[in-house]
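The values are calculated or read from the model by the stated rules, or taken from the named source; none is laboratory data. Since this is a predicted model, take the numbers as computed values, not measurements. Quick reminder, even Gly has a Cβ in these numbers, built from the backbone with ideal geometry, and neighbours come from all protein chains shown. The area values use the complete protein model at the heavy-atom level, side chains included, leaving out ligands, DNA and RNA. Shrake-Rupley method; radii C 1.70, N 1.55, O 1.52, S 1.80 Å.
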Amino acid sequence: GRVEPAGPAVVFLTVPDDAVPFVAASLAALGVRVPAKVAFVHVSGALKLGVLAPLARRHAVGSFHPLRSFPEPGPSEAFRGIVIGVDANSESLRRLLNRLARDLGATPKRVDDAQRAVYHAAAVFASNYIVALLAEAARLLEQAGWTERVAIQGLVPLAEGAVANVRKRGPVAALTGPIRRGDAATVKRHMSALAEVEPRASRSKQGRQSDLYRMLGEVALEIAQEAGLKPAAAEQTRRALTRKVAATRRRSRQ
């Protein structure tokens with residue numbers, strides 16, 4: 001049937017992703033006991049609007065996903081300056097959600113079902129995987145004798161400065177370090193050092209840090225070339241990242 005325009009009542013389904021289908025079906029089962037003008041909105045970054053299909057037969061439905069991590073509840077100021085992914089099956093609800101985002105000090109950006117998976121994967125790269133990389137960096141320093149507390153104390157400001165530079169200048173201009181400079185000798189030293197510490201790791205983790213260094217190094221090398229790294233230096237750095245890895249590991253195991 002026809003979806004009625006959303007009124008002032010919006011119910012946000014702030015439950016785990018796996019629970020959204022059950023909650024939507026349970027609410028839809030209430031039928032006419034819930035006024036048709038009530039809209040239902042999930043806050044998942046990964047789920048499409050189709051997960052609310054049982055409700056969409058009588059209600060406007062939408063999504064409202066803040067591009068910010070919330071490991072614990074925070075004040076409304078936490079939304080200020082961020083982007084919120086918005087979608088809805090009715091124009092009136094979409095306008096209402098856009099207005100709500102702006103009232104919170106955020107910028108609404110439409111993310112429809114076709115964009116949803118890539119959008120959420122990008123969010124994982126920018127949030128969850130930064131945490132994972134900092135965990136790997138901290139483990140390396142712990143292997144060098146640092147405590148986790150001191151490692152985090154040293155690494156987090158470094159990461160925050162890099163993020164601030166990306167915000168200010170964009171990723172190409174913000175990239176620094178040996179790969180940006182085409183310092184292949186330093187990259188070789190890093191790969192050798194990783195090969196030496198990795199045999200002391202658990203079997204499931206052996207080789208992981210050098211693999212991460214190599215894969216991310218290749219991404220950084222692409223950015224460095226875009227920033228103006230000369231072809232000869234780029235090729236030397238690429239060889240340091242790739243062909244030397246296997247030989248270095250073999251030597252470390254002998």
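Take residues that are hydrophobic (A, V, I, L, M, F, W, C), closer than 23 Å to residue 224 by Cα and open to solvent by 70 Å² or more (accessible area, probe 1.4 Å) and tell me which of the helices (runs of 4 or more DSSP H) falling wholly in segment 135-185 contain 1 or more.
148-169
For residue 113, state whether it is in a strand (DSSP E or B) and of a type in the set (Asp, Glu).
So residue 113 does not fit the description; no.
Quick check, is residue 114 at pLDDT 95 or above and either open to solvent by less than 60 Å² (accessible area, probe 1.4 Å) or charged (D, E, K, R) (or both)?
Details: at pLDDT 95 or above: yes; either open to solvent by less than 60 Å² (accessible area, probe 1.4 Å) or charged (D, E, K, R) (or both): no.
Answer is no for this residue.
Determine if segment 66-79 includes at least one residue that is free of Cβ contacts under 8 Å to residues at least 40 places away in the same chain and open to solvent by less than 20 Å² (accessible area, probe 1.4 Å).
Yes, because at least one residue in segment 66-79 is free of Cβ contacts under 8 Å to residues at least 40 places away in the same chain and open to solvent by less than 20 Å² (accessible area, probe 1.4 Å).
Only one residue in 100, 52, 27, 96 is within 21 Å of residue 9 (Cβ to Cβ), open to solvent by less than 20 Å² (accessible area, probe 1.4 Å) and in a helix (DSSP H, G or I), so which one is that?
Numbers: 100 fails: open to solvent by less than 20 Å² (accessible area, probe 1.4 Å); 27 fails: open to solvent by less than 20 Å² (accessible area, probe 1.4 Å); 96 fails: open to solvent by less than 20 Å² (accessible area, probe 1.4 Å).
The unique qualifying residue is 52.
Among the residues of segment 209-216, is there at least one that is in a helix (DSSP H, G or I), open to solvent by 70 Å² or more (accessible area, probe 1.4 Å) and either at pLDDT 95 or above or charged (D, E, K, R) (or both)?
Yes, that holds for at least one residue.
Residue check: is residue 124 within 21 Å of residue 45 (Cβ to Cβ), at pLDDT 95 or above and open to solvent by 60 Å² or more (accessible area, probe 1.4 Å)?
No; evaluated as a whole, the condition is false for this residue.
Which residue out of 46, 78 is over 23 Å from residue 112 (Cβ atoms) and of a type in the set (Gly, Ala, Ser)?
The unique qualifying residue is 78.
Starting from residues that are open to solvent by 40 Å² or more (accessible area, probe 1.4 Å) and out of contact with any helix residue (DSSP H, G or I) (no Cβ under 8 Å at 6 or more places or on another chain), keep the ones in segment 80-93 and report whichever is farthest from residue 126 (Cα to Cα).
Applying the filter and picking the extreme gives 91.
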